[in-house]
Amino acid sequence: MAKSKFDITPGTARRPAPKPDPDAKPGPMSAAIRETARALDRSEEDLKQQRRRNAEEARQWRDAMDAGLVLLRLPLDLIRADDLARDRSDLAGELKSPEMEELKQSIRALGQKEPVTVQQDGSGYSLTSGWRRLNALKMLLEETGDPRFSLVTAKVETQATGRMDRYVDMVTENVVRKNLSLSELAGLAMAVANDPETGVADARAAVNRLYHAQSPAQRSYVNAFVRLLQDFGSVLIDPREISRDLGVQVVRALEDGNAAALRKGLAAAEGMEGQLRLLRDFIERTDRAPDPRGSGRGSAVKTEFRMGAAKVTARKGEVRIKSPVDYSELSRDVLEEACRAFEEVLRRNGRG
């Protein structure tokens, strides 16, 4: 039989392909292909695991940013420090104070150890707390030109925090770190009450929100200085010089009037020392003045004395305590316990 030009004999069956030998070793090319396939499988799994790790780390980063747990090194000029009213009445004087100089020397030698707190917004960052640290770095950069002072370590809050909460955060740090005067605490409460974005009705409500961690007595002192600043803040040279007891006693004496005459006298006084003398004289005159409600011999007999910032007046059938403490904040149980103790002392002395 003739062969075709392709050397195929017509009518002959094709030979079956030989069966692979299970004991035969793969050739070099086959081994290379198998190893490449295994490597690709491992690479794909590694890539999936890396993607999962990246997603988890990104989630943790977002959560930390939202919680204000992330510290960033930010350029000084990105931070606005004038968004919130500050709890220091003399910011220019604070920059020149010995305490500021000590802070600068500490940062110069050791670097910034405590971060400031900022709120991130569309135009950059707004300072919540850390005004002294931020300004110490600005002053050091201006004085030295050293670029290490051009960045501030900041705790960044990315979630929109209520304006009132930011004020509370600022106060919480500064009340602990710095001995602020009652007039400064009262001034901040007044500024917060005048800030329409805080949602606070008045200065008294601001005091309760800002200084909720303080005792009722301390909040009462601040409220007394709020009244003092409301009546005389425009004429007082430096309210920080007024002691707690003096300020509280003046406010208590104002219950009998004379605020307009006192304001006029303060405006005409020479220097802060003159104003302090006038305030002390005002208290003494008020204490010596007869009680306009009394008449006759019985009402004229009384005992009066002071216990700290409280004034106690005792008459027939009456004991009156005028104090900066807001007794309405005390529970009825506490007041009853105090009254029982008072009556017990009187009984022991044959007066009950």
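What the table shows:
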{"read-out": "Residue tally, condition hydrophobic (A, V, I, L, M, F, W, C), open to solvent by less than 40 Å² (accessible area, probe 1.4 Å) and within 25 Å of Ala253 (Cβ to Cβ), over the range 189-231", "value": "12"}
{"read-out": "Those strands (runs of 3 or more DSSP E) lying entirely in the range 52-170 with at least 1 residues open to solvent by less than 80 Å² (accessible area, probe 1.4 Å) and at pLDDT below 85", "value": "116-121, 124-129, 151-157"}
{"read-out": "Pair list, Cβ < 8 Å and 6+ apart or interchain, from the range 188-211 residues that are of a type in the set (Phe, Trp, Tyr) to residues that are open to solvent by less than 20 Å² (accessible area, probe 1.4 Å) and at pLDDT below 90", "value": "Tyr211/Val171"}
{"read-out": "Index of the failed condition, Tyr167 passing every other in (1) free of Cβ contacts under 8 Å to residues at least 60 places away in the same chain; (2) more than 25 Å from Ala267 (Cα to Cα); (3) of a type in the set (Phe, Trp, Tyr)", "value": "(1)"}
{"read-out": "Residue check for Ala261: open to solvent by 50 Å² or more (accessible area, probe 1.4 Å) and modelled with pLDDT of 75 or more", "value": "yes"}
{"read-out": "For Leu182: the one exception among (1) closer than 19 Å to Ile79 by Cα; (2) touching a Gly at 6+ places or on another chain (Cβ under 7 Å); (3) modelled with pLDDT of 85 or more", "value": "(1)"}
{"read-out": "Flag for Ser234 being of a type in the set (Gly, Ala, Ser), assigned to a loop (DSSP other than H, G, I, E, B) and either crowded, with 19+ Cβ neighbours inside 10 Å or within 30 Å of the chain's Cα centre (by Cα) (or both)", "value": "yes"}
{"read-out": "Test: residue in the range 140-152 that is acidic (Asp, Glu) and within 30 Å of Gly247 (Cα to Cα)", "value": "no"}
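For every residue, the table says whether it meets (1) in contact (Cβ under 8 Å) with a residue 24 or more places away in the chain; (2) within 18 Å of Leu180 (Cβ to Cβ); (3) more than 22 Å from the chain's Cα centre (by Cα).
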{"residue": "Ser106", "(1), (2), (3)": "no, no, yes"}
{"residue": "Leu110", "(1), (2), (3)": "no, no, yes"}
{"residue": "Gln119", "(1), (2), (3)": "yes, no, no"}
{"residue": "Tyr125", "(1), (2), (3)": "yes, no, no"}
{"residue": "Ser129", "(1), (2), (3)": "yes, yes, no"}
{"residue": "Asn135", "(1), (2), (3)": "yes, yes, no"}
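The values are calculated or read from the model by the stated rules, or taken from the named source; none is laboratory data. Predicted model, so just to flag it, every value in this text is computed and none were measured. In this analysis, Cβ positions are derived from the backbone assuming ideal geometry, glycine residues included, and neighbour counts consider all displayed protein chains. Accessible surface is based on the protein model in full, side chains and every heavy atom, while ligands, DNA and RNA are left aside. Shrake-Rupley method; radii C 1.70, N 1.55, O 1.52, S 1.80 Å.
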